[in-house]
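Data block below; observations after.
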Amino acid sequence: MKLRSTQSLSLLTLSGVLLLSACSSNNNNDEAAGNSASEAPSTSSASASADSGAMDTTPITFSFFGADASPNWNNMQDEIGKVITEKTGVTINAEYDIASGGGENKIALMAASGQYPDIIFAKGELGKLVDAGAIIDLTDLIDKYAPNLKKLIGENTNRLKYSLDDQSIYSIPTNGGVDQQYFDATGGFEVQLRVLEELGYPEIKTVQDFENVLKEYVAKHPTTDGQPTIPLLLNADDWKSMITVTNPAFIATGAPDDGEYYVDPTTYEAKLHYKRPEEREYFKWLNHMYNEGLLDKDTFVQKDDQYQAKIASGRVLGLISQEWEYGNAENALKAAGKHEYTYGHFPVTLNDQYQDHELVSAGIDFSGISITTANKDPIRTIKFLDWLASDEGQVLLNWGIEGVHYNVENGKRVIPADVLDKKVNDNSNFMKTTGIGLYTTFSMHYGDGVQDSTGNYYTTNFPDQIIASYSDAEKAALKGYNATTWKDLWPTDLPVKEWGALYNMQAPTDGDYQVIYQKTQDIIRKSIPKAILAKPEEFDKTYDQFLADLDKAGAEKMESIYTGLVKNRVKLFTGKDIQ
């Protein structure tokens, strides 16, 4: 059975879509195909450094494709990129997906043509490349040449293995931080700060609370700057529908993010999460919001740029999303000094029976960077990735250059006020010119809350720095809720998921699974909007038909296959004997 990653989007980790850079010039030719972790190519740089720990700084260019977005990528002409090249000799010739937001079409073309970049961030499409024989096993490379990566991996080697049947390491997890602690929350249900202030910082814990706040404020302020005020706005344009329309259904009903599935924590049985009765009630609430005129009438016909423009206009009171998803529009508000039009975050649930599991840890289980068979110097490549994972590399990637982007005062790294102002209020330009935050995709790294040997945090996301980045309006709102960061409103001490992040798990690429999966996805994309837009008295009939259509398409067979994969994953990760 050939495997590929589950085609679903993480609520917390997925980035937006954008940017086109130079294409890869490397092909998967016969010479490159022979390269592997145990058989290094006989290039001068490889042979010169294979037996030593020294970094070869001879100029070299690696081609790269990223399935995620990097809208601020500046071809390594930013300040951090120049230092990386100076320290390592490496230049990245990058291309990012601008079509699908997940690399599906581009990577399918690569697999069919046999033409690959040197390194790739394949995200959910890694399985296609593994099946095509395009990805090398990194196990020996990491063991021989990557001490910093080994330190980060620690005792979690099993979590890097591809599957129970194929225990090769095909990617280094980079789309998340090791030992991540959440000091802030950037998802959930969002309400404008001006709304919170005027209404006296009302309790917002359930969808009814959320609805009441929007309804009360729009009644008082039907227009904003001469335009109709929009109580609630969702983004249903292509894949973003998962982020703002469908994924919130499981978050609001107490389930963690497992992509398109819900997994029973006791039996490990998997089913499409839409089948849960409580999620049906969530979608019924959205149907109610639409029929009450509180959900924007253009939700299912507008494009992403129209959605972003509405937020940037300041007239949208509420969102159900992730900060990265609407961040560019919010940054426009910040740049205009309209901080009261930006958003606070709340862990809203269907009712008080549920607890938001959005911030539950999946452990070390992220999509990551891979080396392809087209790469003529995998040893040089792994050493480069290892340098980025070093303390020096991580501080550079997260903090920038000492004396330019941060200073050390009394042994502590401190961001000067003028730099912090640019970072907070003009983040896109800040990233494009400095490069801070652009390179973590390229190697494994520590998460927020982890300190280095000097007692400083590896990242700039820690309580003092987070609080310093808040606007006065945001600080006032948090004070109104007796909180220091939005994370204070979220549940704590949730157990780490035994099966990790299922949106990274490989699902079959052959047989019936992918055919059924695509059929069910087509049904979901059509049926959820239909149910939300139905007349209230027609909702149940519409939803019943939706569930029947899923099973008619073969959902139960697909769920059975997926359940087996989940159980195997738990075995691999935990060593449990799962029947």
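Does any residue of the range 142-157 turn out to be surrounded by 20 or more Cβ atoms within 10 Å (Cβ to Cβ) and either assigned by TED's automatic domain parsing to the domain that holds residue 483 or among the hydroxyl-bearing types (Ser, Thr, Tyr) (or both)? Yes, the range 142-157 contains at least one residue that is surrounded by 20 or more Cβ atoms within 10 Å (Cβ to Cβ) and either assigned by TED's automatic domain parsing to the domain that holds residue 483 or among the hydroxyl-bearing types (Ser, Thr, Tyr) (or both).
For every residue, the table says whether it meets (1) modelled with pLDDT under 95; (2) crowded, with 17+ Cβ neighbours inside 10 Å.
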| position | (1), (2) |
| --- | --- |
| 491 | yes, no |
| 523 | no, yes |
| 536 | no, no |
| 542 | no, yes |
| 549 | no, yes |
| 556 | no, no |
| 575 | yes, no |
| 579 | yes, no |
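Applying a threshold of 6 Å to beta carbon distances and a minimum spacing of six or more residues, or different chains, the list of pairs starting in the range 349-377 at a residue that is over 15 Å from residue 130 (Cα atoms) and ending at one that is surrounded by fewer than 24 Cβ atoms within 10 Å (Cβ to Cβ) and among the aromatic types (Phe, Trp, Tyr) reads 350/282; 359/182; 359/490. Of the residues making up the range 222-248, those that are under 18 Å from the mean Cα position of the chain (by Cα) and of a type in the set (A, V, I, L, M) are 236, 242, 243, 245. Only helices (runs of 4 or more DSSP H) whose full extent lies in the range 379-490 are considered here, and the ones with at least 2 residues that are hydroxyl-bearing (Ser, Thr, Tyr) are 427-434. All conditions but one from (1) in contact with a Phe, Trp or Tyr (Cβ under 6 Å, 6 or more places away or on another chain); (2) aliphatic (A, V, I, L, M); (3) closer than 17 Å to residue 378 by Cβ apply to residue 149; the one that does not is (1).
Scanning the range 159-176 for residues that are surrounded by fewer than 21 Cβ atoms within 10 Å (Cβ to Cβ), closer than 13 Å to residue 135 by Cβ and either of a type in the set (Asp, Glu) or under 16 Å from the mean Cα position of the chain (by Cα) (or both) yields one hit, 166.
The residues of the range 434-452 that are under 15 Å from the mean Cα position of the chain (by Cα) and among the β-branched types (Val, Ile, Thr), listed by number, are 440, 441.
Being at pLDDT below 95, part of a loop (DSSP other than H, G, I, E, B) and closer than 19 Å to residue 183 by Cβ is the requirement here; does residue 510 meet it? Working first, answer last.
Values: at pLDDT below 95: yes; part of a loop (DSSP other than H, G, I, E, B): yes; closer than 19 Å to residue 183 by Cβ: no.
For residue 510, the condition - at pLDDT below 95, part of a loop (DSSP other than H, G, I, E, B) and closer than 19 Å to residue 183 by Cβ - is not met.
What do you reckon, is residue 495 under 21 Å from the mean Cα position of the chain (by Cα), assigned to a loop (DSSP other than H, G, I, E, B) and modelled with pLDDT of 90 or more? In short, no. Candidates in the range 505-521 are the residues that are crowded, with 19+ Cβ neighbours inside 10 Å and aliphatic (A, V, I, L, M); of these, the one that is nearest to residue 292 (Cα to Cα) is 516.
If we keep just the residues of the range 428-437 that are buried (at least 20 other Cβ atoms within 10 Å of the Cβ) and not aromatic (Phe, Trp, Tyr), which is farthest from residue 88 (Cα to Cα)? First the steps, then the outcome.
Our first condition is that a residue be buried (at least 20 other Cβ atoms within 10 Å of the Cβ); within the range 428-437, this holds for 430-431, 434-436.
Going one step further and asking which of them are not aromatic (Phe, Trp, Tyr), we end up with 431, 434-436.
Values: 431: 21, 434: 18, 435: 16, 436: 17 Å.
Only one residue fits best here, namely 431.
Yes/no per residue for (1) closer than 16 Å to residue 83 by Cβ; (2) outside the structural domain of residue 87 (by TED's automatic domain parsing); (3) surrounded by fewer than 23 Cβ atoms within 10 Å (Cβ to Cβ):
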{"residue": "380", "(1), (2), (3)": "no, no, no"}
{"residue": "397", "(1), (2), (3)": "yes, yes, no"}
{"residue": "402", "(1), (2), (3)": "yes, yes, yes"}
{"residue": "406", "(1), (2), (3)": "yes, yes, yes"}
{"residue": "414", "(1), (2), (3)": "no, yes, yes"}
{"residue": "417", "(1), (2), (3)": "no, yes, yes"}
{"residue": "420", "(1), (2), (3)": "no, yes, yes"}
{"residue": "423", "(1), (2), (3)": "no, yes, yes"}
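Only one of the listed residues (470, 481) is out of contact with any Phe, Trp or Tyr (no Cβ under 9 Å at 6 or more places or on another chain) and surrounded by 16 or more Cβ atoms within 10 Å (Cβ to Cβ). That residue is 470. So for the range 515-522 (the condition being touching a helix residue (DSSP H, G or I) at 6+ places or on another chain (Cβ under 7 Å), farther than 27 Å from residue 358 by Cα, outside the structural domain of residue 243 (by TED's automatic domain parsing) and in a helix (DSSP H, G or I)), does at least one residue qualify? Checked against the condition, which is being touching a helix residue (DSSP H, G or I) at 6+ places or on another chain (Cβ under 7 Å), farther than 27 Å from residue 358 by Cα, outside the structural domain of residue 243 (by TED's automatic domain parsing) and in a helix (DSSP H, G or I), the range 515-522 yields at least one hit.
When the residues of the range 177-207 are narrowed to those that are among the hydroxyl-bearing types (Ser, Thr, Tyr) and within 18 Å of the chain's Cα centre (by Cα), which ends up surrounded by the most Cβ atoms within 10 Å (Cβ to Cβ)? Even if it seems obvious, please write down each step before you answer.
Here is the first cut: in the range 177-207, the residues among the hydroxyl-bearing types (Ser, Thr, Tyr) are 182, 186, 201, 206.
Okay, now just the ones that are also within 18 Å of the chain's Cα centre (by Cα), so 182, 186.
Values: 182: 20, 186: 18.
Among residues in the range 177-207 that are among the hydroxyl-bearing types (Ser, Thr, Tyr) and within 18 Å of the chain's Cα centre (by Cα), the one surrounded by the most Cβ atoms within 10 Å (Cβ to Cβ) is 182.
The values are calculated or read from the model by the stated rules, or taken from the named source; none is laboratory data. As the structure is a computational prediction, the values presented were derived from the model and not from experiment. Every residue, glycine as well, gets a Cβ built from its backbone with ideal geometry; the counts of neighbours run over all protein chains shown.
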